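Heads up: the structure comes next, in structure tokens.
The values are calculated or read from the model by the stated rules, or taken from the named source; none is laboratory data. Quantities reported herein were computed from a predicted structural model and do not represent experimental measurements. Glycine also receives a Cβ, built like all others from the backbone with ideal geometry; neighbour counts cover every protein chain displayed.
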Amino acid sequence: MTEAPRPAYSAAAERNRGPILEQLLRLLPASGSALEIAAGTGQHAAHFAAALPGWTWQPTDADANALTSIEAWCRGLPNVRPARQLDVLAPSWADIPTGLDLIYASNLLHIAPWAVCTALMKHASQHLRATGLLVTYGAVLIDGVPTAASNLAFDADLRARNPAWGLRRLADIETQAQEAGLVLRETIALPANNHLLVWALA
Ligand SMILES: C[S@@+](CC[C@H](N)C(=O)[O-])C[C@H]1O[C@@H](n2cnc3c(N)ncnc32)[C@H](O)[C@@H]1O
């Protein structure tokens with residue numbers, strides 16, 4: 001008998017899932033529908049869906065290869081929909097439901113071209129219900145706040161790997177959001193110089 005392949009594992013996701021969940025539990029109502037963008041290994045989807053049993057969680061990723069790992073992490077969770085492929089840059093999200101209560105994207109904006117930020121804001125504003133939230137997580141550059149040495153090194157590493165990648169200025173993300181009709185409602189500092197950003201319809 002051949003064994004099922006092991007799901008992918010991210011040590012960072014294992015460390016940050018607790019602090020992120022603490023904020024989601026504070027921000028979100030008891031029930032709703034969530035779309036996760038760039039779900040990666042699936043560790044966040046599994047952890048958050050288990051702690052939010054009133055929520056339906058739809059994990060997605062642009063990389064079809066990620067879907068197997070997401071499925072493995074989420075196996076047995078009745079409130080997680082089958083993982084599906086979604087590229088934020090797809091011209092239309094026609095097959096993604098509207099009226100969502102949460103769109104969640106962790107560690108995406110700096111590991112993707114800038115166009116992904118523009119597209120995420122545009123589609124989020126079209127697919128969230130009036131009271132819905134877009135929540136993004138990761139390292140950002142904040143004007144007037146010295147950037148931690150670890151984030152400067154991370155930024156240099158990202159840019160060396162792909163010149164289109166790199167840490168984003170919060171002010172630039174905010175401009176994209178505003179153009180799409182979203183406002184920054186909260187900026188929450190989390191461990192390891194990361195921030196949770198909470199966006200709502202204006
Ligand atoms: C660093 S991983 C983050 C995974 C997970 N969210 C986490 O925080 O551990 C970045 C993920 O973004 C996905 N990704 C990159 N470009 C994307 C795009 N245009 N649309 C959707 N997902 C994308 C990659 O496939 C990858 O799974």
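Figure legend. Inter-residue proximity from segment 157-174: first residues in a loop (DSSP other than H, G, I, E, B), second residues surrounded by fewer than 17 Cβ atoms within 10 Å (Cβ to Cβ) and hydroxyl-bearing (Ser, Thr, Tyr), beta-carbon distance below 8 Å, spacing 6+ or different chains. Indicated pairs: Leu167/Thr147.
Test Ala12 against the criterion of being on the phi < 0 side of the Ramachandran plot and either in contact (Cβ under 8 Å) with a residue 12 or more places away in the chain or within 13 Å of the ligand (Cβ to nearest atom) (or both), and give yes or no. For Ala12, the condition - on the phi < 0 side of the Ramachandran plot and either in contact (Cβ under 8 Å) with a residue 12 or more places away in the chain or within 13 Å of the ligand (Cβ to nearest atom) (or both) - is met.
Residues in segment 101-127 that are over 13 Å from the mean Cα position of the chain (by Cα), over 15 Å from Ala34 (Cβ atoms) and surrounded by fewer than 18 Cβ atoms within 10 Å (Cβ to Cβ): Pro113, Trp114, Ala115, Gln126. With respect to Asn65, determine if the residue is surrounded by 18 or more Cβ atoms within 10 Å (Cβ to Cβ) and within 19 Å of Pro7 (Cβ to Cβ). Taking the combined requirement at face value, the residue does not satisfy it.
For beta carbons closer than 6 Å, sequence separation of 6+ or different chains, a first residue in segment 98-116 that is in a loop (DSSP other than H, G, I, E, B) and a second that is near the ligand (Cβ under 7 Å from one of its atoms), the qualifying pairs are Leu108/Ala38.
The residues on offer are Arg169, Arg129, and the sole one that is at pLDDT 95 or above and under 24 Å from Pro19 (Cα atoms) is Arg169. Is it fair to say Pro5 is surrounded by fewer than 16 Cβ atoms within 10 Å (Cβ to Cβ), in contact with a Ser or Thr (Cβ under 9 Å, 6 or more places away or on another chain) and modelled with pLDDT under 95? Taking the combined requirement at face value, the residue satisfies it. In the set Ser125, Ser150, Ser106, Ser92, only one residue is touching a Phe, Trp or Tyr at 6+ places or on another chain (Cβ under 6 Å) and small (Gly, Ala, Ser); that residue is Ser106.
In segment 90-100, the residue that is nearest to the ligand (Cβ to nearest atom) out of those that are loosely packed, with under 14 Cβ neighbours inside 10 Å and not β-branched (Val, Ile, Thr) is Pro91. The set of residues from segment 101-149 being hydroxyl-bearing (Ser, Thr, Tyr) and within 16 Å of the ligand (Cβ to nearest atom) comprises Tyr104, Ser106, Thr118, Thr136, Tyr137. Screening Ala72 against (1) part of a helix (DSSP H, G or I); (2) within 25 Å of His195 (Cα to Cα); (3) touching a residue at least 60 places away in the same chain (Cβ under 8 Å) leaves a single unmet condition, (2).
Specify the residue that is farthest from Leu86 (Cα to Cα); the eligible residues are those in segment 117-152 that are outside any strand (DSSP E or B) and small (Gly, Ala, Ser). The extreme case among them is Gly144. Hey, among the residues in segment 53-86 that are more than 13 Å from the ligand (Cβ to nearest atom) and of a type in the set (D, E, K, R), which one's farthest from Gly42 (Cα to Cα)? Selected residue: Arg81.
Just to verify a result, which residue in segment 26-48, among those that are away from the ligand (no atom under 14 Å from the Cβ) and surrounded by 12 or more Cβ atoms within 10 Å (Cβ to Cβ), is farthest from the chain's Cα centre (by Cα)? Filtering first and then ranking leaves Ser31. Cβ-Cβ contacts under 6 Å between residues 6 or more apart (or on different chains), taken from a first residue in segment 32-48 that is over 17 Å from Ala112 (Cβ atoms) to a second residue that is of a type in the set (Asp, Glu) and within 8 Å of the ligand (Cβ to nearest atom), are listed as Ala45/Glu36.
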